[in-house]
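Peer 1: Sharing a structure, written as structure tokens. Questions coming.
Rule-based calculations on the coordinates, nothing more; no lab input. Small disclaimer: the values here were computed from a predicted structure and weren't measured. Cβ atoms come from the backbone with ideal geometry, glycine included; neighbour counts cover every protein chain shown.
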Amino acid sequence: MSATVEAAARAIRVSGGASRAAWIDAPGVARIDRVSIPEPGEREVRVRLEGSGVCGSNVPVWEGRQWFSYPLEAGAPGHEGWGVIDAVGESVHDFTVGDRVAALTYHAFAEHDLAAHDSVVRLPPELASVELPGEPLGCAMNIFARSDIRAEHTVAVVGIGFLGALLTQLASRAGARVIAISRRQFALDVARSCGAHETIAMDDHARIIERVRSLTGGEGCERVIEAVGMQWPLDIAGELTRIRGRLIIAGFHQDGARQVNMQLWNWRGLDVINAHERDPRAYVKGMRAAVSAVASGALDPSPLYTHRFPLDRLGDALEAARTRPDGFLKALVVT
Ligand SMILES: [Zn+2]
């Protein structure tokens, strides 16, 4: 992480500099400014970014919380960038100028960002024109791996946002039968196009449970992935998991404590997996798996990028991620 801090320190604001970066000055306030082009450290590469995904985790800092301090660093909190390497540090031998890569960086709402050489994944030639925000795709791959989904399984995905849609693709292409559950009709349509066999509107608790029971011979699902990050969907997810099944928590539950029906979890002997990774090496491993999956066709995120904004409209992109207008799954900021 120290390389990141150094990178931020080097990306100082200068007037008339040769690179542009977005700055979040205050909650709800973004602007573009010039910065000097950062020089890569010994084990870093510099990426001329083509774009970055906008993450749900960017929303709290955009809305404002007491514990954030503003302005943020240039390009923060973009962490889903991809682009072309245009400079390498002197000890970097695994990448060269011109390599097109996905990178785990922390200031990617910008034209340039620096990445540790081991946080970068090369994109193969067949993906030459593919937009590839590595981190969220890697996240989906890691969750999928920890879900241990097999062809004979029935898998319920509770919550069809970008992540839920990716997991629907991965599970259905692995041969599993997928039941997608979401509030939004648009999202249920997306889930169908991602291979879901059944879709259920997330409206009535008892009705959802009844429907899943009838689809599974009364047993429930071998795997249930909760991808919302709220209390009620977590409650539903537990109810839908069969005895000895696996409940995978992929939603972010970071806005407060949750209650769980321990009596039910305990009685059914559920395996409960909190599937988010924290180690950057795990992220990069997931990103490598994602690049392979996109190249092989096991994962096709392109139709799921529903909104694109130029860098100087970062504020609109974050606002779209915050309000999630009808038809929204994922925004990209492109430079
Ligand atoms: Zn992200």
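Peer 1: Would you mind putting 79-89, 102-112 in packing order, based on average other-beta-carbon counts within 10 Å, highest first?
Peer 2: Output ranking for 79-89, 102-112: 102-112, 79-89.
Peer 1: Report the antiparallel proportion of the DSSP beta bridges in the chain as a percent, rounded to a multiple of 5.
Peer 2: 55 percent
Peer 1: Which angle between 0 and 90 degrees, to the nearest 10, do you get for helix 162-173 versus the longest principal axis of the chain when only C-alpha atoms count?
Peer 2: In the chain, helix 162-173 runs at an angle near 60 degrees to the longest axis.
Peer 1: Using the alpha carbon gyration tensor of the chain, what are the three equivalent-ellipsoid semi-axes (square root of 5 times each eigenvalue), largest first, in whole Å?
Peer 2: Semi-axis lengths for the chain are 37, 21, 17 Å.
Peer 1: For the chain, what does the helix formula give at 222 nm: sum of -39500 (n - 2.57) over DSSP H segments with n ≥ 4, over the residue count, nearest 500 deg cm²/dmol?
Peer 2: Helix contribution divided over all residues of the chain: -9000 deg cm²/dmol.
Peer 1: Which of 312, 255 has the fewest other C-beta atoms within 10 Å, and how do the rest follow up to the most?
Peer 2: So the residues, fewest neighbours to most, are 255, 312.
Peer 1: To continue, here is another question. Of the peptides 296-306, 224-234, how do they stack up when ordered by the mean number of other Cβ atoms within 10 Å, highest first?
Peer 2: 224-234, 296-306
Peer 1: Considering Cα pairs under 8 angstrom that are at least six residues apart, work out the relative contact order of the chain and quote it in whole percent.
Peer 2: Relative CO of the chain lands at 18 percent.
Peer 1: What angle, in degrees between 0 and 90 and rounded to the nearest 10, separates the Cα long axis of helix 231-240 from the longest principal axis of the Cα atoms of the chain?
Peer 2: Taking the Cα atoms of the chain, the angle to 231-240 is about 50 degrees.
Peer 1: Can I ask one more? So how tilted is helix 205-215 from the main axis of the chain? Cα-based, degrees 0 to 90, rounded to 10.
Peer 2: Here the helix axis deviates by roughly 70 degrees.
Peer 1: Highest first, please rank the peptides 186-192, 149-155, 113-119 by the mean number of other Cβ atoms sitting within 10 Å of their residues.
Peer 2: Sorting 186-192, 149-155, 113-119 by mean packing, highest first, produces 113-119, 186-192, 149-155.
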